[in-house]
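Chemist: One structure coming up, written as C-alpha coordinates, with questions to follow.
The values are calculated or read from the model by the stated rules, or taken from the named source; none is laboratory data. What you see is a predicted model, and the numbers here were worked out from it, not measured in a lab. Note: areas computed on protein heavy atoms with side chains; ligands, DNA, RNA excluded. Shrake-Rupley method; radii C 1.70, N 1.55, O 1.52, S 1.80 Å.
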Amino acid sequence: MRERHASRGARRAREFEAFVAGAAGRLLHTATLLTGEAPADNPRARRLLALSLAHTYAAWDRLRGEDPYDHARRHLATRFAHGAWHHYGGLGRARPHPESPLAALGPQERLILVLRLYEGVAEEQTAALLGLPRERVRAICDRATATVLHPPRGPAPAPVRPAAKATA
(Lines give C-alpha, C1' and ligand atoms only; values in the text may rest on other atoms or scores of the structure.)
Protein backbone atom coordinates (compact mmCIF):
# COMPACT_ATOMS: atom_id res chain seq x y z
CA MET A 1 0.00 0.00 0.00
CA ARG A 2 2.76 2.40 0.97
CA GLU A 3 4.64 1.56 -2.25
CA ARG A 4 1.54 2.32 -4.31
CA HIS A 5 1.17 5.75 -2.71
CA ALA A 6 4.87 6.44 -3.21
CA SER A 7 4.73 5.50 -6.89
CA ARG A 8 1.57 7.59 -7.38
CA GLY A 9 3.28 10.54 -5.70
CA ALA A 10 6.38 10.11 -7.86
CA ARG A 11 4.26 9.92 -11.02
CA ARG A 12 2.33 13.02 -9.94
CA ALA A 13 5.59 14.89 -9.32
CA ARG A 14 7.00 13.87 -12.73
CA GLU A 15 3.82 14.92 -14.54
CA PHE A 16 3.74 18.27 -12.76
CA GLU A 17 7.44 18.90 -13.43
CA ALA A 18 6.86 18.22 -17.12
CA PHE A 19 3.92 20.61 -17.10
CA VAL A 20 5.96 23.35 -15.41
CA ALA A 21 8.87 22.84 -17.82
CA GLY A 22 6.54 23.39 -20.76
CA ALA A 23 4.19 26.07 -19.42
CA ALA A 24 6.08 28.17 -16.88
CA GLY A 25 7.73 30.47 -19.42
CA ARG A 26 4.47 31.47 -21.08
CA LEU A 27 2.67 31.79 -17.74
CA LEU A 28 5.48 34.00 -16.43
CA HIS A 29 5.19 36.22 -19.49
CA THR A 30 1.44 36.42 -18.96
CA ALA A 31 1.94 37.34 -15.30
CA THR A 32 4.53 39.96 -16.27
CA LEU A 33 2.10 41.54 -18.73
CA LEU A 34 -0.63 41.54 -16.10
CA THR A 35 1.46 43.15 -13.37
CA GLY A 36 2.92 45.68 -15.79
CA GLU A 37 6.46 45.07 -14.57
CA ALA A 38 9.59 45.23 -16.65
CA PRO A 39 10.46 41.79 -18.06
CA ALA A 40 13.89 41.81 -16.39
CA ASP A 41 12.57 42.91 -12.98
CA ASN A 42 9.27 41.20 -12.19
CA PRO A 43 9.03 40.03 -8.56
CA ARG A 44 5.23 40.46 -8.37
CA ALA A 45 4.78 38.42 -11.56
CA ARG A 46 7.05 35.67 -10.21
CA ARG A 47 5.09 35.58 -6.94
CA LEU A 48 1.82 35.45 -8.88
CA LEU A 49 3.17 32.56 -10.97
CA ALA A 50 4.43 30.67 -7.91
CA LEU A 51 1.02 30.97 -6.21
CA SER A 52 -0.75 29.84 -9.36
CA LEU A 53 1.54 26.84 -9.84
CA ALA A 54 1.20 25.88 -6.16
CA HIS A 55 -2.60 25.99 -6.51
CA THR A 56 -2.43 23.90 -9.67
CA TYR A 57 -0.18 21.32 -7.98
CA ALA A 58 -2.57 21.09 -5.03
CA ALA A 59 -5.45 20.41 -7.45
CA TRP A 60 -3.42 18.13 -9.77
CA ASP A 61 -5.21 14.90 -8.87
CA ARG A 62 -8.64 16.55 -9.17
CA LEU A 63 -8.09 17.98 -12.67
CA ARG A 64 -9.20 14.74 -14.39
CA GLY A 65 -9.23 15.69 -18.04
CA GLU A 66 -9.11 19.45 -17.48
CA ASP A 67 -6.18 21.21 -19.11
CA PRO A 68 -3.71 22.12 -16.34
CA TYR A 69 -2.59 25.18 -18.34
CA ASP A 70 -6.15 26.54 -18.40
CA HIS A 71 -6.46 25.88 -14.68
CA ALA A 72 -3.19 27.67 -13.90
CA ARG A 73 -4.05 30.60 -16.19
CA ARG A 74 -7.51 30.95 -14.67
CA HIS A 75 -6.04 31.01 -11.17
CA LEU A 76 -3.37 33.49 -12.28
CA ALA A 77 -6.04 35.83 -13.68
CA THR A 78 -8.36 35.65 -10.69
CA ARG A 79 -5.47 36.02 -8.25
CA PHE A 80 -4.28 39.10 -10.14
CA ALA A 81 -7.78 40.61 -10.21
CA HIS A 82 -8.34 40.04 -6.49
CA GLY A 83 -4.86 41.29 -5.62
CA ALA A 84 -5.28 44.43 -7.69
CA TRP A 85 -8.67 45.08 -6.12
CA HIS A 86 -7.51 44.62 -2.52
CA HIS A 87 -4.11 46.24 -2.87
CA TYR A 88 -5.17 49.31 -4.79
CA GLY A 89 -8.79 49.64 -3.63
CA GLY A 90 -10.14 48.98 -7.09
CA LEU A 91 -9.07 47.91 -10.50
CA GLY A 92 -8.19 51.40 -11.62
CA ARG A 93 -5.32 52.64 -9.47
CA ALA A 94 -2.32 50.38 -10.08
CA ARG A 95 0.81 52.00 -11.51
CA PRO A 96 2.76 49.72 -13.84
CA HIS A 97 6.42 50.09 -14.63
CA PRO A 98 6.93 52.76 -17.34
CA GLU A 99 8.88 50.32 -19.54
CA SER A 100 5.96 47.88 -19.67
CA PRO A 101 4.36 47.61 -23.11
CA LEU A 102 0.97 47.90 -21.42
CA ALA A 103 1.88 50.76 -19.07
CA ALA A 104 -0.87 53.03 -20.39
CA LEU A 105 -3.58 50.55 -19.34
CA GLY A 106 -5.29 50.01 -16.01
CA PRO A 107 -5.26 46.58 -14.35
CA GLN A 108 -8.69 45.55 -15.66
CA GLU A 109 -7.80 46.61 -19.19
CA ARG A 110 -4.48 44.74 -18.97
CA LEU A 111 -6.22 41.64 -17.66
CA ILE A 112 -8.82 41.58 -20.42
CA LEU A 113 -6.35 42.45 -23.17
CA VAL A 114 -3.87 39.78 -22.07
CA LEU A 115 -6.55 37.11 -21.73
CA ARG A 116 -8.24 37.94 -25.03
CA LEU A 117 -5.31 38.75 -27.31
CA TYR A 118 -2.20 37.17 -25.81
CA GLU A 119 -3.79 34.05 -24.35
CA GLY A 120 -6.59 33.71 -26.90
CA VAL A 121 -9.35 33.15 -24.36
CA ALA A 122 -12.83 33.48 -25.85
CA GLU A 123 -14.88 36.55 -25.03
CA GLU A 124 -17.55 34.47 -23.28
CA GLN A 125 -14.98 32.67 -21.12
CA THR A 126 -13.31 35.96 -20.18
CA ALA A 127 -16.66 37.45 -19.25
CA ALA A 128 -17.56 34.41 -17.13
CA LEU A 129 -14.16 34.40 -15.42
CA LEU A 130 -14.42 38.08 -14.46
CA GLY A 131 -18.15 38.17 -13.82
CA LEU A 132 -18.77 40.83 -16.46
CA PRO A 133 -21.23 41.01 -19.33
CA ARG A 134 -19.80 39.94 -22.69
CA GLU A 135 -20.47 43.38 -24.18
CA ARG A 136 -18.47 45.03 -21.38
CA VAL A 137 -15.52 42.72 -22.03
CA ARG A 138 -15.67 43.57 -25.73
CA ALA A 139 -15.81 47.32 -25.02
CA ILE A 140 -12.89 47.20 -22.57
CA CYS A 141 -10.83 45.08 -24.97
CA ASP A 142 -11.54 47.46 -27.87
CA ARG A 143 -10.62 50.50 -25.78
CA ALA A 144 -7.44 48.86 -24.47
CA THR A 145 -6.41 47.80 -27.97
CA ALA A 146 -6.93 51.33 -29.25
CA THR A 147 -4.88 52.73 -26.37
CA VAL A 148 -1.99 50.36 -27.06
CA LEU A 149 -2.05 50.92 -30.82
CA HIS A 150 -2.54 54.68 -30.60
CA PRO A 151 -1.06 55.84 -27.27
CA PRO A 152 -2.23 59.20 -25.99
CA ARG A 153 0.06 62.00 -26.99
CA GLY A 154 1.42 64.63 -24.68
CA PRO A 155 0.00 68.12 -24.61
CA ALA A 156 -0.10 69.96 -27.91
CA PRO A 157 2.80 72.35 -28.50
CA ALA A 158 2.06 76.01 -27.97
CA PRO A 159 1.36 77.87 -31.21
CA VAL A 160 4.23 79.92 -32.52
CA ARG A 161 3.35 83.60 -32.70
CA PRO A 162 5.06 85.86 -35.17
CA ALA A 163 7.49 88.30 -33.62
CA ALA A 164 6.25 91.87 -33.34
CA LYS A 165 7.73 94.28 -35.87
CA ALA A 166 10.00 96.91 -34.45
CA THR A 167 9.06 100.47 -35.37
CA ALA A 168 11.76 102.91 -36.18
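Chemist: If you average the sequence gap of Cα pairs under 8 Å that are 6 or more apart and divide by the length of the range 91-150, what percent do you get for the contact order?
Modeler: 33 percent.
Chemist: Can you give the accessible area per residue of the range 1-147, in Å², using a 1.4 Å probe?
Modeler: I get 57 Å² per residue for the range 1-147.
Chemist: What does the C-alpha gyration tensor say about the overall shape of the range 7-62? Classify as rounded when a/c is under 1.5, otherwise prolate if a/b is larger than b/c, or oblate.
Modeler: prolate
Chemist: List the residues, sorted by chain then number, that are 5 or more residues from Ala38 or on another chain and whose placed amide H is less than 5 Å from its amide H.
Modeler: His97
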